1. Considering segment B:127-145 alone, what residues qualify as being facing chain A (nearest Cβ under 8 Å) and in a loop (DSSP other than H, G, I, E, B)?
2. Across segment B:84-126, which residue is most open to solvent (accessible area, probe 1.4 Å) among those that are within 7 Å of another protein chain (Cβ to nearest Cβ) and farther than 20 Å from B:PRO219 by Cα?
3. Restricting the search to segment B:15-56, which residues are outside any loop (DSSP other than H, G, I, E, B), in contact with a strand residue (DSSP E or B) (Cβ under 9 Å, 6 or more places away or on another chain) and within 14 Å of chain A (Cβ to nearest Cβ)?
4. Looking only at residues in segment B:172-209 that are open to solvent by 20 Å² or more (accessible area, probe 1.4 Å) and part of a helix (DSSP H, G or I), which one is nearest to the other protein chains (Cβ to nearest Cβ)?
5. Hey, among A:GLY301, A:GLY262, A:GLY270, which residue is assigned to a loop (DSSP other than H, G, I, E, B) and touching a helix residue (DSSP H, G or I) at 6+ places or on another chain (Cβ under 8 Å)?
6. Check off (1) open to solvent by 40 Å² or more (accessible area, probe 1.4 Å); (2) free of Cβ contacts under 8 Å to residues at least 24 places away in the same chain for A:HIS532 and give me the number that stays unchecked.
7. Got a number for residues in segment A:35-45 being within 14 Å of chain B (Cβ to nearest Cβ) and part of a strand (DSSP E or B)?
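The values are calculated or read from the model by the stated rules, or taken from the named source; none is laboratory data. Note that the structure is predicted; figures quoted are calculated from it, not measured. Using ideal geometry, Cβ is built from the backbone for each residue, glycine included, and neighbour counts are taken over all protein chains shown. Areas reflect the complete protein model, heavy atoms only, side chains present, ligands, DNA and RNA absent. Shrake-Rupley method; radii C 1.70, N 1.55, O 1.52, S 1.80 Å.
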Amino acid sequence: MSIPEIAFDAVIIGGGGAGLRASLQLAGAGRKVAVLSKVFPTRSHTVAAQGGINAALGNMEDDDWRWHMYDTFMGSDSMADQDAIEYMCKNAPQTVYELEHMGLPFSRLENGRIYQRAFGGQTRDFGKGGIAHRTCAAADRTGHAMLHTLYQQNIKAKANIFSEWYAVDLVKSRNGGIAGVIAINMETGETVYLNAKATILATGGAGRIYESTTNAFTNTGDGPGMAMRAGLPLQDMEMWQFHPTGIAGVGVLITEGVRGEGGYLLNKDGERYMERYSPQLKDLDCRDFVSRSSMMEMREGRGLGPKSDHVLLKLDHLGEEIINTRLPGIRELAKTFAGVDPLRDPIPVVPTCHYMMGGIPTNYHGQAITVDNDGKDKIVDGLYAIGECACVSVHGANRLGANSLLDIVVFGRASGIHVGERLVEGLDMPVASRDDIDAAQVRLNRWNTTTDGESVEVIRAEMRKVMQEDFGVFRDGESMAPGLKKLEALQERLQHAALKDKSEVFNFARFEALELDNLMEIALSTARQANHRTESRGAHSRFDCPDRDDSKWLKHIAIFADGRMADRAVNMKPNEVEPLQVKEREH
Amino acid sequence: MTEAQARKLKVSVYRYNPDKDNKPYMQSYDVDTQLVNGQMLLDVLHVIRVDDPTLGFRQSCREGVCGSDGMNINGKNGLACVTKIVDLPNKITIRPLPGLPVVRDLIVDMSQFYRQYEKAEPYLQNDQPAPAKERLQSPEERAKLDGLYECILCACCSTSCPSFWWNPDKFLGPAALLQAERFLIDSRDNATEERLTALDDAYKVFRCRSIMNCVDVCPKGLNPTKAIAAIREKLIQEGT
Amino acid sequence: MVKVVTSLGSTGLADWIVQRFTAILIALYVIFMVVYFFIHPNPTYSEWSTLFSNNWMRTCTFVVFLSIIMHAWVGLWIVSTDYLKHLAVRLIVQMAIIFTLLGCLVWSIEILWGL
């Protein structure tokens, strides 16, 4: 069956911060770009980021991007690529100034400069100078301010935004690269092939594989799912960040900025327990560590509630002035979802799935990488990945707070620059065969034609339950092995599930089915890699293998859809500075 | 939800699927709050969707910050994800946002709303070369943006505004005017004069009759009427 | 950009100012009349015609009539553009409004100056 084709210089899939930043770079240079977004761009989940964006501006005290790089590497439990974090931290100040010039309404200091707050894992002088204030903030709505600013700039640059278009699958080119994508106009149901010299995946996270998550309904890992089905690998999928402060029972995020401003966690005895686990950084230790500490408190019966299932985040001592000017959004969320006013009462919180450190492996230009049969890295022609769906890897085994907003704009920009340069050099439009275009529609056709079968809803609920129970903050080989078996059975069932509603106009049941295919790929990769990595590092913490083992596991691991894995070395060669030494984290 | 609080809701929802319906109709669903996993109206809609996956509505962040799930709830516009079930009566009527064309069920075509937003030129304009670092702005100047920049473009305000219903193509509507004021008042923007000139026709600003439905419904607690008054004041100062 | 012909000024601002300004004049006139009726609860014909024999009273009354007409035109123009989306219908109604208002204006001159 033949479908309409449209050709572009670049097609960007995802209208969040990363996608819009890349689009701005290219549209501003007069390139023919299309941004596909399954929601109107300002509804993308960047909008929910709260605390801020890290950059060593030095507005509060002396700062140095090398210190930022050091913290990022230590936070990653030595698993971030040093060339990538060097690029990110070095370009951070320029990237933030650009956002400011675009109009982002950062909070300000008396001298008119951008306000910066303390955040987890941020230190001065290579960990020796105490806590750093490096996180540039627009009150506690930094992501909202950033996403709207970027969208506004895209209006100014007259970018082509395909709002409410859903990307189904990547189309392979004759030379083995990527030639574009099959997408559906959600309003009409029409299927179109978008052919592009560069296809940039910017689809964000996939936190919806878990039952309890800070992520939006739309965070379903569409980019990584598409990459896997195109025969490309994902990497480090066992590394999922659990944010220490999601509102108990709801999952809504409460920013680390609360602790950055001076808030802290309490157990049922009213003890500030982080002082015990982390005498130096206390509540501002890395997220993986704080989450594990909270989980230990709850496991040992010092949590609150009849089931000891949450702890408290106290901030009333900060006073009305600070809360209303620096944390107004938090106050609103706490009142709405937890029924408490943080001016008086602490907020019930619990570690909640928040961020996918893994994703599509890329270099720091955003070019997607695969591993060939000889185990060598190979750049995938025509494909880029940026933001949470990518694994550059700047976060390694654990991301520092406020490095994700930085990641999306730095690498959104970098990919835009790189694609722009390559277009100037003269990039040919990749050609796909009719078979390749048809192949990318097989999955869609399967959903459209299957009439009898299980519902998506049931399988999704079971998948999320397995992930929550067997692949949470603490993991154990004994439960992960059966967990993986359960997921494999669910994947098999999903192949035979059916869609009842086959209508064309805004058929969300169809999109949720397509999304579940992606979620399942991600859940399975996570389970396989979590079983495979028999050590504890960063966010991956196993009772049965409690120690970090650099001799065996200081490496990235790529995984293909069939479960095949390939090791990739962690980059220890920054371009300008001396390599950072691998060492154990101190608390 | 405990059993003592268990309620039987009667939810009447506006349905229209252009693939098969000639005209819209209201469909009624019975929902037992014990089956609802959550405290918000959006969670009720999820229960309905388990049995009837054909019901279409937009959603994303489920915490009132993305602005996807604006709808008309018992006659008043709001976001389903931050509308608490306890604050609603047992009989709930849900319709799409008024004044915009319905595409399917609770999904409206928002292009007119977005076009008006774009007409407000919602981006910083400054013809001076940017400094190497940030443009300076005092905390007092920055504070003027509070109450303006937080808009989530959910369209609850504009679609509750009679002036917008009558002239959706000419009156900019409260949401767009809030953004117009956000850039007029930003100390870093120096296109004030051009902005004011562009706003001064018989419709764009002046169709606001201070009905204040926008203020009443805004889920973020913003005050577009106040912003419109501020624009008007600037126009008067400019004009005299 | 569609620059729709407005009633009096070329911009929304002018219309808005006209409406507010005329409203103030009308309000002042109403206050004056209330005070007058308070002092003269049941004015005789001679009292009433004495009042209007003053040229300043005639002029002021005429200015207020004019204000009412301008005020009404701006208001009705807005209402008609809000509710009457059919161009021909709207133009007919607007012409009718204009003739009625102008008729009232001429009539007011006749009443005040007895031409």
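1. Within segment B:127-145, B:ALA130, B:ALA132, B:LYS133, B:GLU134, B:ARG135, B:LEU136, B:GLN137, B:SER138, B:LEU145 meet the criteria.
2. Only one residue tops the list, namely B:GLU118.
3. First pass over segment B:15-56, keeping only residues outside any loop (DSSP other than H, G, I, E, B): B:15, B:25-35, B:40-51.
Narrowing further to those that are in contact with a strand residue (DSSP E or B) (Cβ under 9 Å, 6 or more places away or on another chain): B:15, B:25-33, B:40-42, B:44-45, B:47-48, B:51.
Result: B:ARG15, B:MET40, B:LEU41, B:LEU42, B:LEU45, B:VAL47, B:ILE48, B:ASP51.
4. Selected residue: B:ALA198.
5. Values: A:GLY301 fails: touching a helix residue (DSSP H, G or I) at 6+ places or on another chain (Cβ under 8 Å); A:GLY270 fails: touching a helix residue (DSSP H, G or I) at 6+ places or on another chain (Cβ under 8 Å).
Of A:GLY301, A:GLY262, A:GLY270, the one residue that is assigned to a loop (DSSP other than H, G, I, E, B) and touching a helix residue (DSSP H, G or I) at 6+ places or on another chain (Cβ under 8 Å) is A:GLY262.
6. With (1) open to solvent by 40 Å² or more (accessible area, probe 1.4 Å); (2) free of Cβ contacts under 8 Å to residues at least 24 places away in the same chain applied to A:HIS532, the lone miss is (2).
7. Qualifying residue count for the region: 1.
So that you can scan it fast, the table gives a plain yes or no per residue for (1) more than 29 Å from B:VAL205 (Cβ to Cβ); (2) away from chain B (no Cβ under 14 Å):
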| residue | (1), (2) |
| --- | --- |
| C:LEU25 | no, yes |
| C:PHE38 | yes, yes |
| C:SER46 | yes, yes |
| C:PHE62 | yes, yes |
| C:VAL79 | no, no |
